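Notes follow once the structure below has been shown.
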Amino acid sequence: MSRRLFRAPLTWVAVAVLGVGAAFGLYWFQPWKVVTDNQVDEQLSEVDAAPAGTPPTDAPGGTPTGTTPAGTTPTTPATGTPAGSPTSTRPVVVSRGEFVSHEHDTSGTARIVRTADGGHRLELVGLDTSNGPDLKVWLTDQPVRTGRAGWGVFDDGRRVELGRLKGNKGDQAYAIPSGTDPAGLTSVAIWCQRFAVSFGAAPLVPVG
């Protein structure tokens, strides 16, 4: 009886359909990524770590580092050019924010840095999220909301895709295309394109 069953054409058709379905399911969901991590440790910009408005001091009660007498213009230590001028070689953080969790637990800091040549790049500092299929890094104009209401809003408005997520853990940087105005982009999302959902997102709040 069993031999006859496996000789029947319909049986082989059913086996083939099940095999194709299983293969497609593995490709589509990629369940192994849930238990695997991709660590990235890229070199990030050297920027002033002190909060805006609180310049570091050389010693308790001393003069804040980098201060100058009244009426003079502060300069960058490396070049002697006015701070913030186009010829300054010091990268500047123009906006930043902390990640909040959406579909997956996500933490870390996102910041947009204006580089020495006047360009911009997005840096993810200490990112920690889940791995998954078809993850992209998006800059968007959508607000960051907590809870399920914030999971799927990032494809509703303006967005700039910076590429595939390089790794679900660690420090990483993404070039922002020239001509992009970062002022109107108020959030960054780790976006799962395949399932149209955010793993986590961070608001980008102007610094200074």
If you go through 153, 137, 197, the only one that is β-branched (Val, Ile, Thr) and in contact with a strand residue (DSSP E or B) (Cβ under 7 Å, 6 or more places away or on another chain) is 137
Selection over the stretch 162-185 where residues are in contact with a strand residue (DSSP E or B) (Cβ under 6 Å, 6 or more places away or on another chain), open to solvent by 40 Å² or more (accessible area, probe 1.4 Å) and part of a loop (DSSP other than H, G, I, E, B) yields a count of 1
- Residue match in the stretch 140-160 (condition: out of contact with any Cys (no Cβ under 9 Å at 6 or more places or on another chain), within 16 Å of residue 38 (Cα to Cα) and in a strand (DSSP E or B)): no
Review point. Would you say residue 195 is among the hydrophobic types (A, V, I, L, M, F, W, C), over 18 Å from residue 121 (Cα atoms), open to solvent by 40 Å² or more (accessible area, probe 1.4 Å) and in a loop (DSSP other than H, G, I, E, B)?
Key: yes
Here the residues within the stretch 151-161 that are under 15 Å from residue 199 (Cβ atoms) and surrounded by 17 or more Cβ atoms within 10 Å (Cβ to Cβ) are 151, 153, 154
Can you confirm whether residue 146 is open to solvent by 50 Å² or more (accessible area, probe 1.4 Å) and either over 16 Å from residue 42 (Cβ atoms) or not β-branched (Val, Ile, Thr) (or both)?
yes
Checked the stretch 97-124 for anything touching an Asp or Glu at 6+ places or on another chain (Cβ under 6 Å), open to solvent by 40 Å² or more (accessible area, probe 1.4 Å) and closer than 22 Å to residue 183 by Cα; matches are none
Answer yes or no: is there a residue in the stretch 114-122 that is under 11 Å from the mean Cα position of the chain (by Cα) and either within 23 Å of residue 40 (Cα to Cα) or assigned to a strand (DSSP E or B) (or both). yes
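The values are calculated or read from the model by the stated rules, or taken from the named source; none is laboratory data. In this text, all values refer to a predicted model and were calculated from it rather than measured experimentally. Cβ sites come from the backbone with ideal geometry, for glycine too, and all protein chains shown count toward neighbours. Accessible surface is based on the protein model in full, side chains and every heavy atom, while ligands, DNA and RNA are left aside. Shrake-Rupley method; radii C 1.70, N 1.55, O 1.52, S 1.80 Å.
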